Amino acid sequence: MAKTLRRHIIRMTAKAGSGHPGGSLSAVEILTALFFNHLRYDPRNPRWTDRDRFVLSKGHAAPLLYSALAEAGYFATEELLTLRQLDSRLQGHADMTATPGVELSTGSLGQGLSFGIGIAIAARLDRRDYRVYVLVGDGECEEGQVWEAAMAAAHFKVDNIVAIIDRNQQQIDGWTYEIMNSEPLDEKWRSFGWHVIEVNGHDPAQILAALEEAKTVKGKPTAIIAHTTKGKGVSFMENNLEFHGRAPTADEAEQALKELE
Amino acid sequence: MAVEMSTREAYGKTLVELGKENENIVVLDADLSRSTNTQLFAKEFPERFFDCGIAEQNMMGIAAGLAASGKTVFASSFAVFASGRCYDQVRMSIAQPRQNVKIVASHGGISVGEDGCSHHSIEDLALYCSFPNFSVIVPADANETAHAVRIAAATYGPFYIRLSRPKTSVVFDDNYRFELGKAVTMRGGWDVTVIACGLMVHRALLAADALAKQGIELRVVNMSTLKPIDEEAIIGAANETGAILCVEEHLQHGGLGSTVAQVVAKHQPVPMSFLAIKDYYSPSGKPNELLERHGLTSEGIEKEVRALVGRKG
C-alpha cells in the first residue's frame, strides 16, 4: 500500500504541475498504518459520529491524504488526477468543505492540534470512545499555536488524542536545525506533559506499536515523533529541498514511477 | 429610560439560561471570564466550561473542534483579542468551514477607556465583516444583547457579537424581539436618517430629541446586524429622508459606515456623512472623554445632522 500511495502522489502532483511531494512522501508509512491498520471509519458515511478522526495539520501534504482516502474508498482513485484543477474536490491544501473524509481545512500551519483537542473534549463530554490523530510537521512546530495546544491538551488531560510529528528535518528554506532549531523536540513535548514515543517513521511495525501504546496511556496525551526522510522512496527527491513545493516534471515522474514499481 | 446595564452582564445571564435549556452548549474563555461574564456559566456548568488560558488562537481551534463534533460553542474574550489575536485561526477553522461557533466579545470600541490603546478595539468590526459566512451583531443595549445571543445560539453558523464594558442606557423594553439582519426604526423622521449601532443608538435618540426642538425630524435606525446588512432599510432611508449619517464606535473604514455607503452608492446615492473613531490610536481616558474626543456624542450627531440638512439642497 505504501508504494501505491507514493505512486499516486507522484502521478497527481506531476499532472497538476504543482503541489508538495516531499512532505507527502515522508509521511506515507504513517498514513498507511493509520488508514489501513488502525483507524475506525466508514467511507460510505464520512461523518459517522463514532469514527476516529484523522486531522492533517500539515495541510500541504494533501496529495498524501487524498491518496489514502481514495484507497480507503471515500472516492475513486481516478479522481486523484483532478488535484488542484478548477472546481475539483481535491483542493491544493486540505479542505473539509470540499473533500469527503477531510476533517479540517488546513494549509495555514499550526492549527490542527487545537482543533483536535476540541474533538477530543467533545468525545469525553458525549462519552464516546473515538480517538483523534493529528499529523503535525516538524517545521510546523515552530508555530506558537502548536505549543498553546500542547499545553492545553495536557492541562485538560485528554488522553484520546495523539499528535504524530513528521520529523523529516526539512522546511522550505532549509534544514530545520539551520532555520529554527527545535531540538530537543522530544524533551519539549515531554516537558509540556505529553507521553512521548520515538519511532522510525518508515517502519510500519514501529508506528503501529506506538499507536497501540498510545491507547494504553491514561490521563495525558501522546506524541509520536516519527523520524522520516523528506521525499522518501524516490532517490532524487530524498532530502532534496527542491521537492518540498515543486511537482516532478514528466520525465522526473517517469523515473520516479520506475523506482516505485 | 434611565435604566442602565452593561451588555456583557446581559450576556452572562443569558448564557446561564441557555445552558439550562440546552446541554449541547459549551463555553470557552481566554482568562477573562470575570470580565466577559462567562464566569456565571462556569459556576453553573463547570463540566461544560473550558478556560483556555491566555491563548486565543488555541481557543478558537478548540471551539472549531467542539463545533465540528456537534456542540454549539460560545467563545469569549475582549474584542481586541478575539479579533486581532486570532484572525487566521478564525478564518481557517471557523469562517471557511462555517462552524457553529459564536464569538461574543466584550470591551468593544474605545469605551474600554483607561486601559488605553492596547485594549481599545477599533478594527474588530472591519475584521469580522471581512469574513465570508459570518454574521456580525453589535447590540444597542442589554435587552437586545439577550435576544441576539439567543438568536445566535439557535441559528447554525459563525457569529461575532460585540459588547461593551461600561453600563449603557437601555433603549428597548422587554417586549422587543430581535430579528437577525433586520434594522429597527427607533424613531420616525423625514429630514435625515441616522444609522447607528451599539451604544451610539442611545446617543442618536438624544440627538433626535434635541433636533426636534430645532424643527429637524431625525429618523433613527438601529442597525445592530452589520452582516448580513438590511439593504431594504438603508434604501428606504435614502429614498425617504434623502441623507444618511452613520454613527459607530469603530474606525470609519470597514465597519457600519462603509457597509451602508456601499448599499447607498449602489442603489440610491444621497448625501452621506460618517461619525466614527478617527484614524489614530486613542490614549487612556474615561470612556465619555474618549467618545467626546471623536465627536461620538449626541451633540456631535446634532452637528453632523445639521450639516447634512444643508447639503441636501
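Where a number appears in this text, it was derived from the coordinates with a stated rule and is not lab data. Keep in mind that this is a model prediction, so the values were computed, not measured. We place every Cβ from the backbone using ideal geometry, glycine too, and count neighbours over all the protein chains shown.
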Where the centre of each part is set by its Cα atoms, how far does the stretch B:69-98 sit from the stretch B:235-265, in angstrom?
27 Å
Students often get this wrong, so check it: of B:Lys102/B:Lys303; B:Lys102/B:Lys167; A:Lys230/A:Lys258, which have C-alpha atoms separated by over 28 Å?
B:Lys102/B:Lys303
Skipping prolines and chain starts, which residues have an amide H placed within reach, meaning under 5 Å, of the one on A:Glu198, given they are 5 or more residues away or on another chain?
A:Ile225
Counting partner chain Cβ atoms within 10 Å of every residue's Cβ in B:18-27, what's the average?
1
If one computes the Cα centroid of the stretch A:99-159 and of the stretch B:146-192, what distance in Å separates the two points?
35 Å
Counting helices only, and only those DSSP H runs with n ≥ 4, report the 222 nm mean residue ellipticity of chain A as the sum of -39,500 (n - 2.57) divided by its residues, in deg cm²/dmol to the nearest 500.
-11500 deg cm²/dmol
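Under 8 Å for C-alpha pairs, at least 6 residues apart: give me the relative contact order for the stretch B:184-312, rounded to a whole percent.
Relative contact order comes out at 29 percent.
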How crowded by other chains is A:141-149, given as the mean number of beta carbons from other chains within 10 Å of each beta carbon?
4
Taking neighbour Cβ counts within 10 Å as the exposure measure, how do A:Met96, A:Met12, A:Met1 sort from fewest upward?
A:Met1, A:Met96, A:Met12
Bins of 5 Å, beginning at zero and ending with the bin holding the largest distance: percent of Cα pairs per bin for the stretch B:184-312, please.
2, 12, 24, 25, 20, 11, 5, 1, 0
If contacts are Cα pairs under 8 angstrom and at least 6 residues apart, what is the relative contact order of the stretch A:24-109 in percent?
30 percent
How would you rank A:98-110, B:138-150, highest first, on the average number of other Cβ atoms within 10 Å across their residues?
B:138-150, A:98-110
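Count neighbours as other Cβ atoms within 10 Å of each site's Cβ, and list the chymotrypsin sites (Phe, Trp or Tyr not before Pro) in the stretch B:257-313 that are DSSP loop with at most 13 such neighbours.
Within the stretch B:257-313, the qualifying chymotrypsin sites (Phe, Trp or Tyr not before Pro) (loop, at most 13 other Cβ atoms within 10 Å) are B:Tyr280, B:Tyr281.
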Which order do A:Val55, A:Val196 fall in if you start with the one that has the fewest other Cβ atoms within 10 Å?
A:Val196, A:Val55
Taking 25 Å as the cut-off for C-alpha to C-alpha distance, list the pairs among A:Lys218/B:Lys20; B:Lys20/B:Lys227; A:Lys157/A:Lys232; A:Lys58/A:Lys215; B:Lys43/B:Lys286; B:Lys20/B:Lys182 that go past it.
A:Lys218/B:Lys20; B:Lys20/B:Lys227; A:Lys157/A:Lys232; B:Lys43/B:Lys286; B:Lys20/B:Lys182
Using mean Cβ contacts within 10 Å as the protection proxy, how do B:193-203, B:222-232 order, highest first?
B:193-203, B:222-232
The residues A:Asp52, A:Asp166, A:Asp159, sorted from fewest to most surrounding Cβ atoms within 10 Å, come out as A:Asp52, A:Asp159, A:Asp166
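Taking beta carbons within 10 Å but only from partner chains, what does the mean come to for residues B:71-79?
1
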Using only alpha carbon pairs under 8 Å that are at least six residues apart, calculate the relative contact order of chain A and give it in whole percent.
25 percent
